[in-house]
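Step one of this worksheet: look at the structure below.
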Amino acid sequence: MADRKTPRRTSPKAAPPARRPISAGWAAAILAILVAIFFHEVLVGGQTFTSPDAMAPAGFVRMGEQSLWQDHVYPLWNPFVFLGMPSFASGAYNPLIYPPDWPLALLQRVLPLPEMTWLILYYAFGAWAFFLLAREWGARAEGALVGAIAFIFAPNLIAVGSHGHGSQLVDSAYLPFMLWLGTRWLRGGKLEWLGMLAIAGGFQMLRGHVQVCFYTWLAIALYAAAVVALPPRGPDAAPRAQPVPRALALAAAAALAFGIAGLYNLPLQDYSHLSMRGAGEGGGIGMERATMWSLAPIELPTIVVPGWAGFGGQTYWGGMPFTDYPNAYVGMVTVLLALPAFLATGAARVFALALAGIALLIAFGHNSPVYGFLYAHLPLFNKFRIPVMVLLLFQLAACLGTAWGWSTVLDGRAEKGERARPVDRLLMIAAALLAVALLAGVLGREGFRAAYQSMAMAAHPGYPAQAASIAYEGFIGDLARVSLIGLGGALAAWLAFTRRLDARVATGIAALLILFELWPVSGAVMKPVIGPAVPHRLDLGRDDVVDYLEHAGPRGTFRVLPLDPDQFQSNRYAGFGIASLGGYHAAKPRLFQEFYDAQLMDNLGWMRLLNIRFLVTNQALPQVPAWLTLVHQGEGGFVYESHLALPRATLVDHYRVVQPAKAILDSVKNGTSDAEFVTFLESDPHLALGPASSGSAAIVSYRLNDLAIDVNAPAPGLLRVADLWFPDWVATVDGHETLILKADYLLRAVSVPAGRHRVEFHYRPRAIRRGLWLSIASLLAALALIAAGLLRARRAPAAPVAAAPPGG
């Protein structure tokens, strides 16, 4: 590769006047403007994202905010979904722990900013961070800008943010930024970069998407390995100092990052063992559940042709549920411009190729043995699901290739030498292939229909022929479209390479072609979830059924069972303080998941035990049993009241020990004993009980983290509460701590003596206290690293850190 600093020339006209490269500030401004234009409906059009996943957290957020701002109690537990679950430790709702949110929250108190401003800012930040990384790894400013545009507007990232996975999008934006910080440390060895990497990693973890954090540090580790294994080459390449110690120091940064987020990480770590994600083989989520969203190898053409496997709804014939858009799509121009990048070598380019390959193999999930190997042997990996989530790394690698490839093109053809030939040849071959694809899409559209339809129907059993025909029309149209755009990209690249087109003009054309290719696809992914912004968004879902249930009794005195699947898997009722047996969370408590898997929700014995007083349905029941009464009907549906439901808090005077413990599920189901008088335990507490069931147990306070019950027991008995057992609950009887027993496999019970007593339950997770101290200590250590690095620089100024050469 020719040296950019001293290009060879035969006359003054051979080298055009040098222009100042695009600065990081100008790049940030350009990228922010493009992001604002793409999301204009959200920023200035009064719209917002209305996907079910965006709405689902409302059940946690609404009650959590009431607890935080009105009751001045930090929300740690949500008793209104399932039978209760941690809201903080599960990542469902943990306000005020993420410092970057604080300035924007203050700003929104004085300025009428759109509610999704924070999300749009992270799109702009992710694009700018990619620009910094590409520049650090040797791309020209123009190439870094083009790569950043391709990275941030690919439908994978657009879908993540718009469809309600805000934490995933935020943590994805940290990926290029943290790689940039890690690279600065590896190259310059300045302690401040290591400290900043630790803080950035801590903030990323605090934002709460562990899987993306895991992939980020995996990428950093792979790059460090590439740096150690592939030292710089060439006559001008200076050897990197101490590559192995610096690479090992990244592990210390990762440990500090974990510690900075300890306030969140330690409770999350504790909960992972008690959630459904620790219920599978080897303490994981289970291979079948983990690999539900696996990329089928037959879908690989969607990398460049978005409609290859159908696009949306009935037309999609790929292998993933619900996610019916081209997950791996990065665009024809993105791939075309990446091809010249790998005519050179270097650690960064080897890393990018390896990262893309590894990401695809992981994304294949159950379609590849790689996922099973990692599931069995890579720490934490068995807790994750959705293999296609790793396509973020493939997208990063592909767009880095675009940045390097466009830089190679803009470096231009040399007057002499071998470098021109492979680039020329590569562009000509690509253009020829694109021309053939264009002709096939325009002239031969009927020639492939039968083969395509047969393939689609074979890949997706039960896929209708009519849908296959519609999918084919979409595919062949997309093929023609992307081939034509790709030809435009090849022409622009050739004109820029031969210096017939000014570098900045060519860059503008390349950027426009990428936008013209990606925006329609990403816009189609986002369009179904764009809707009007509601001033009181957390009040969404209120209807006549909610109004009725809100007045049916005090909180904590009854639970509802939504009979319709869409309502059962919703947090809507929980958002209004109405306890529902259903709900939505990606990591439900393991105990409840086992109950759910046994399909016991509508079993009469369990409904009675679990305080199911109301059944809610969209349609009237065809036959109403004698134990049900229709008490409300309206636009929101029908509400039936059960006359068999036991109170939430019940005094019982007998217990039976059942082993194995899981057999209790069947014992209650089969009505072995009347739950009004008997509870099932897993071990014998050796209690002497009397006739206590005739006593009373009245709930006097029912809040998120606390429960108070006044008991009047004529004899010693067991107070059973039909809320989920969890190890971080503590109980007191008249202020004296007492043991909480796991009753009926799912619930909580304590022993109470005869007489009047105040029984209190308090949710007090010890991991939060330990995590807080760990966060403080780790943050101080990271700040000390930064201070030490700056102090050392002041005492002995070092040479400036140079960007990587084009070879990485």
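The values are calculated or read from the model by the stated rules, or taken from the named source; none is laboratory data. It should be emphasised that the depicted structure is a prediction, and the values quoted were computed from it without experimental measurement. Here Cβ is always computed from backbone atoms with ideal geometry, including for glycine, and neighbour counts include all displayed protein chains. All accessible areas refer to the heavy atoms of the entire protein, side chains included, with ligands and DNA or RNA removed. Shrake-Rupley method; radii C 1.70, N 1.55, O 1.52, S 1.80 Å.
Take the conditions (1) of a type in the set (K, R); (2) assigned to a loop (DSSP other than H, G, I, E, B); (3) buried (at least 24 other Cβ atoms within 10 Å of the Cβ); R385 misses just one of them, which is (3). Of all positions in segment 153-168, none carries a residue that is open to solvent by 10 Å² or more (accessible area, probe 1.4 Å), over 30 Å from L791 (Cα atoms) and modelled with pLDDT of 95 or more. If you check L119 against the conditions, is it closer than 13 Å to W180 by Cα and surrounded by fewer than 24 Cβ atoms within 10 Å (Cβ to Cβ)? For L119, the condition - closer than 13 Å to W180 by Cα and surrounded by fewer than 24 Cβ atoms within 10 Å (Cβ to Cβ) - is not met. Looking across segment 57-84, the residues that are outside any helix (DSSP H, G or I) and farther than 12 Å from S580 by Cβ come down to P57, D71, H72, V73, Y74, P75, L76, W77.
At pLDDT below 95, among the small types (G, A, S) and within 20 Å of D744 (Cβ to Cβ): is that true of A661 in this structure? Break it down stepwise before answering.
Numbers: at pLDDT below 95: yes; among the small types (G, A, S): yes; within 20 Å of D744 (Cβ to Cβ): yes.
Criteria met by A661.
Residues considered: A251, A290. Of these, the only one that is touching a residue at least 24 places away in the same chain (Cβ under 8 Å) and either out of contact with any Ser or Thr (no Cβ under 7 Å at 6 or more places or on another chain) or among the aliphatic types (A, V, I, L, M) (or both) is A290.
In segment 350-367, what residues are farther than 17 Å from Q211 by Cα and in contact (Cβ under 8 Å) with a residue 12 or more places away in the chain?
V350, F351, A352, L353, A354, A356, H366, N367, listed by residue number.
Where strands (runs of 3 or more DSSP E) fall wholly inside segment 596-680, the ranges with 3 or more residues that are open to solvent by 20 Å² or more (accessible area, probe 1.4 Å) are 628-634, 654-657.
Residue selection: G523 fails the criterion of being more than 24 Å from G331 (Cα to Cα) and open to solvent by less than 50 Å² (accessible area, probe 1.4 Å). Considering segment 169-181, and only residues there that are closer than 13 Å to M205 by Cα and either more than 12 Å from the chain's Cα centre (by Cα) or without any contact (Cβ under 8 Å) to a residue 60 or more places away in the chain (or both), the residue that is surrounded by the most Cβ atoms within 10 Å (Cβ to Cβ) turns out to be D171. When restricted to residues that are open to solvent by less than 10 Å² (accessible area, probe 1.4 Å) and of a type in the set (D, E, K, R), segment 184-195 contains 0. Within the set L438, L491, the sole residue that is farther than 30 Å from S294 by Cβ, touching a residue at least 12 places away in the same chain (Cβ under 8 Å) and touching a Ser or Thr at 6+ places or on another chain (Cβ under 6 Å) turns out to be L438.
Among the residues of segment 556-571, those that are over 23 Å from L644 (Cα atoms) and assigned to a loop (DSSP other than H, G, I, E, B) comprise Q569, S570, N571. Scanning segment 286-319 for residues that are under 11 Å from H366 (Cβ atoms) and in a loop (DSSP other than H, G, I, E, B) yields T291, M292, W293, S294, L295, A296, G319. Is it fair to say G25 is open to solvent by 20 Å² or more (accessible area, probe 1.4 Å), in a loop (DSSP other than H, G, I, E, B) and either at pLDDT 75 or above or closer than 27 Å to D171 by Cβ (or both)? Criteria not met by G25. Look through segment 702-720, keep the residues that are open to solvent by 40 Å² or more (accessible area, probe 1.4 Å) and not basic (K, R), and return whichever of them is farthest from the chain's Cα centre (by Cα). Per the stated criteria, the residue is P714. On the stretch given as segment 741-800, residues that are without any contact (Cβ under 8 Å) to a residue 40 or more places away in the chain, touching a Phe, Trp or Tyr at 6+ places or on another chain (Cβ under 9 Å) and β-branched (V, I, T) total 1.
Out of everything in segment 456-480 that is open to solvent by 50 Å² or more (accessible area, probe 1.4 Å) and either free of Cβ contacts under 8 Å to residues at least 12 places away in the same chain or of a type in the set (S, T, Y) (or both), what residue ends up being nearest to V305 (Cα to Cα)? Only one residue fits best here, namely E473. V525 passes every criterion in (1) modelled with pLDDT of 90 or more; (2) under 27 Å from G284 (Cα atoms); (3) within 25 Å of the chain's Cα centre (by Cα) apart from (2). Put simply, of A144, A129, A198 the only residue that is under 23 Å from S522 (Cβ atoms), in contact (Cβ under 8 Å) with a residue 60 or more places away in the chain and buried (at least 21 other Cβ atoms within 10 Å of the Cβ) is A144. Within segment 294-303, the set of residues being within 19 Å of E517 (Cα to Cα), open to solvent by 10 Å² or more (accessible area, probe 1.4 Å) and within 24 Å of the chain's Cα centre (by Cα) comprises L300, I303.
Condition test on G280, is it modelled with pLDDT under 90 and either under 27 Å from S778 (Cα atoms) or open to solvent by less than 50 Å² (accessible area, probe 1.4 Å) (or both)? When the stated conditions are applied, G280 passes them.
For (1) β-branched (V, I, T); (2) at pLDDT below 95; (3) open to solvent by 50 Å² or more (accessible area, probe 1.4 Å), each residue gets a yes or a no:
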| residue | (1), (2), (3) |
| --- | --- |
| P231 | no, yes, yes |
| P235 | no, yes, yes |
| P239 | no, yes, yes |
| R246 | no, yes, no |
| I260 | yes, no, no |
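Of note, V110 does not satisfy the criterion of being under 27 Å from Y264 (Cβ atoms), without any contact (Cβ under 8 Å) to a residue 24 or more places away in the chain and out of contact with any Pro (no Cβ under 6 Å at 6 or more places or on another chain).
Any idea which residue in segment 310-347 is farthest from the chain's Cα centre (by Cα), counting only those that are open to solvent by 20 Å² or more (accessible area, probe 1.4 Å) and among the polar types (S, T, N, Q)? Checking each candidate, the answer is T345.
Considering only segment 491-505, state which residues are outside any helix (DSSP H, G or I) and closer than 13 Å to V333 by Cα.
The answer is none; no residue qualifies.
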